[in-house]
Amino acid sequence: MIHFDNVTKRYPGGHEGLSNVSLHIDPGEMVFLTGHSGAGKSTLLKLIGLLERSTRGQVRVGGRNLTRLRRRQIPYHRREVGMIFQDHRLLYDRTVFDNVAMPLVVAGLGHAEVGRRVRAALDKVGLLNKEKVYPITLSGGEQQRVGIARAVVSRPPVVLADEPTGNLDPELSREIMQLFERFNQVGVTLLIATHDLELISRLGRRTLTLEQGRLLRDSTA
Amino acid sequence: MSGDRRRTPAARRPSRLRIWLLRHLQVALASLGRLARSPLSSLMTILVLGIALSLPAGLHLLLKNVQQLAGHWDGAATISLYLAPETGRGEAGRLAERIRRLVGVEQVTLIDREQALEEFRRLGGFAGALEALEGNPLPHVLVVRPDPAHSDPDSADALLQRLQGMKPVELGQLDLQWVRRFQAITEIARRGLLVLAALLGMAVLLVVVNTIRLEIQNRRAEIEITKLIGGTDAFIRRPFLYLGLWYGLFGGLSAWLLVSLSLWLLSGPVARLAGLYDSRFVLAGMDPATVAGLLGGAILLGLGGAWLAVARHLRDIEPA
Ligand SMILES: Nc1ncnc2c1ncn2[C@@H]1O[C@H](COP(=O)(O)OP(=O)(O)OP(=O)(O)O)[C@@H](O)[C@H]1O
Ligand SMILES: [Mg+2]
């Protein structure tokens, strides 16, 4: 599903966020990505979501060669990759419903279809009763779940999460991981960057460890 | 999921166009709603556009009225033919008949010399002088009016040359002086108006560009997130283009309103003045073609300005 072939990402200024990384993730895998701060976790995820382009090497996602993808093709690629961020990236002047509906509206779905799918997604993250409120009135954990609902509402085959449990207490973190496991059970490929080693070891999933932009370890714990 | 994919497009296809139209309508209304949400600043922008647009529109109208007023004096383009003194009444009549059949001639009037003398007598003042003369010093005169297609200075002049060659015409006169002057002045006014319209059109464009640019900056987060979840450039552009369209339309409408208001204020005094001159002249208002031109131009400027702003600034905003 996700292939990296000797991928290097050099940022303007010369610093290498990622150095010569090769990896391979099969469809339906749930993989953790870990490493110290500055190791290149976010960089790796950004290359998959095309928020950044690789400097060298080839990135392929679902058979699509991102290295050669044209600018105007990027939106269609991003519709296949749900992205979740530590800072949620919600729009605070729109209701929870409207936030979650965005990927469907962008894809041009009809009104009824949008309503149905948004409610299904909100139901999955346990926020069905909050569809009419504004995100600012929600707790951090709830906001994160709105972000997750938005990432999965259009049922993308790949979901990326960059420190999704960063500022959540252990209880909430566990809930969110359970949510991810449920998505994984229905075939979604997940790649989750996190510092939370305790959480990773408990779940016993494949883990990629980065250090200073290099792939240090690829292990099934 | 793949099963789901196969099912939905087929079920959705018949209403694709409807969904698309509905989305456009929604975006258009949402943009309108944005204008309404900050009524004061929207109104100010619209008024600035309206004032800028009303100037060329108003001047266009002024020029049209002046030209219409000049049209009342079409007689200026007439040619007077003075026939030789010994010409008889019958010969003059036959010449008039011949001229009447020429191309470019609308009307020929024979002013009989006896008749003319009577007229002079009646006008008074000349009576003494006329009595002193023996006989009638006046010749027969033919007044030729070219048809509208031939009353421009050049054609009228050509016609004059031709008529002067006909016997027994002794002298032909075409008073074009003021027609030429008037034409020169209206030409200058017309060009001035074009220059002014171009400058003010540019001002309208820049105001819209700047307004939309600010709007883009205010909605930076929204644009970034829309790009993040796979919004195409066209999708992101759309609300801003509609915003430009609304600004243009409302700017045009307010210009129409301003010009109409000015016309209404002027119509009373103009009617009074025309009355003093025994004229039935009425101010020409905004005819449908002018209104359509004004609104169409305003909308194009609004859309164009929005397009420029969007082309310039939307690419710079990328999610990180
Ligand atoms: N836009 C950028 N311009 C320049 N350097 C960057 C940029 N983004 C990241 N870097 C650098 O690339 C390296 C990897 O950054 P990255 O954000 O991928 O790390 P990370 O593993 O996600 O760290 P953290 O755990 O703190 O989020 C860092 O040294 C960082 O300074
Ligand atoms: Mg990071």
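The values are calculated or read from the model by the stated rules, or taken from the named source; none is laboratory data. Nothing here was measured: the structure is a model prediction, and the numbers come from that model. For neighbour counting, all protein chains shown are included, and Cβ atoms are generated from backbone atoms with ideal geometry for every residue, glycine included. Side chains included, ligands, DNA and RNA excluded: accessible areas come from the protein's heavy atoms. Shrake-Rupley method; radii C 1.70, N 1.55, O 1.52, S 1.80 Å.
The condition (being in contact (Cβ under 8 Å) with a residue 40 or more places away in the chain and exposed (fewer than 15 other Cβ atoms within 10 Å of the Cβ)) is satisfied by just one residue among B:196, B:241, B:273, B:263: B:196. The residues of the range A:185-196 that are crowded, with 17+ Cβ neighbours inside 10 Å and over 18 Å from residue A:23 (Cβ atoms), listed by number, are A:188, A:196. Can you find even one residue in the range A:145-152 that is in contact with a Ser or Thr (Cβ under 7 Å, 6 or more places away or on another chain), at pLDDT 95 or above and away from ligand 2 (no atom under 16 Å from the Cβ)? No, the conditions are met nowhere in the range A:145-152. Sub-7 Å Cβ pairs linking a first residue in the range B:65-81 that is at pLDDT 80 or above to a second residue that is in a loop (DSSP other than H, G, I, E, B) and surrounded by 15 or more Cβ atoms within 10 Å (Cβ to Cβ), at least 6 apart or interchain, are B:65/B:283; B:65/B:284, ordered by first then second residue. When the range A:10-36 is filtered for residues that are in contact (Cβ under 8 Å) with a residue 60 or more places away in the chain and near ligand 1 (Cβ under 8 Å from one of its atoms), the ones remaining, listed by number, are A:16, A:17, A:18, A:35, A:36. Evaluate the range B:252-261: report whether one residue or more is within 14 Å of chain A (Cβ to nearest Cβ) and within 19 Å of residue B:35 (Cβ to Cβ). Within the range B:252-261, not a single residue is within 14 Å of chain A (Cβ to nearest Cβ) and within 19 Å of residue B:35 (Cβ to Cβ). Every test in (1) among the acidic types (Asp, Glu); (2) within 11 Å of chain B (Cβ to nearest Cβ); (3) in a helix (DSSP H, G or I) is passed by residue A:142 save one, and that test is (2). Inspection of the range A:67-74 finds a residue satisfying the criterion of being within 29 Å of residue B:235 (Cα to Cα), touching a residue at least 12 places away in the same chain (Cβ under 8 Å), more than 13 Å from ligand 2 (Cβ to nearest atom) and more than 12 Å from chain B (Cβ to nearest Cβ). Only a single item in (1) within 12 Å of ligand 1 (Cβ to nearest atom); (2) within 14 Å of chain B (Cβ to nearest Cβ) is not met by residue A:92, and it is number (1). Taken over the range A:181-213, the residue count meeting the criterion of being closer than 20 Å to residue A:62 by Cα and away from ligand 1 (no atom under 16 Å from the Cβ) is 9.
From the list A:199, A:210, the lone residue that is within 16 Å of ligand 2 (Cβ to nearest atom) and either surrounded by fewer than 21 Cβ atoms within 10 Å (Cβ to Cβ) or assigned to a strand (DSSP E or B) (or both) is A:210.
The condition of being open to solvent by less than 50 Å² (accessible area, probe 1.4 Å) and within 16 Å of ligand 2 (Cβ to nearest atom) holds for only one of A:35, A:28, A:82, A:57, that being A:35. For the criterion of being within 15 Å of ligand 2 (Cβ to nearest atom), in the same structural domain as residue A:196 (by TED's automatic domain parsing) and either outside any helix (DSSP H, G or I) or out of contact with any Lys or Arg (no Cβ under 7 Å at 6 or more places or on another chain) (or both), residue A:47 fails.
Scanning the range A:155-178 for residues that are open to solvent by less than 10 Å² (accessible area, probe 1.4 Å) and assigned to a helix (DSSP H, G or I) gives A:173, A:176, A:177. Residue selection: residue B:281 satisfies the criterion of being under 30 Å from residue B:62 (Cβ atoms) and not in a helix (DSSP H, G or I). I want to confirm something. Restricting to the range A:37-57 and keeping residues that are more than 9 Å from ligand 1 (Cβ to nearest atom) and among the basic types (Lys, Arg), which single residue is farthest from residue A:189 (Cα to Cα)? Step by step, filter the range A:37-57, then rank; the result is A:56.
Taken over the range A:162-196, the criterion of being within 14 Å of another protein chain (Cβ to nearest Cβ) and away from ligand 2 (no atom under 16 Å from the Cβ) is satisfied by A:183, A:184, A:185, A:186, A:187, A:188, A:189.
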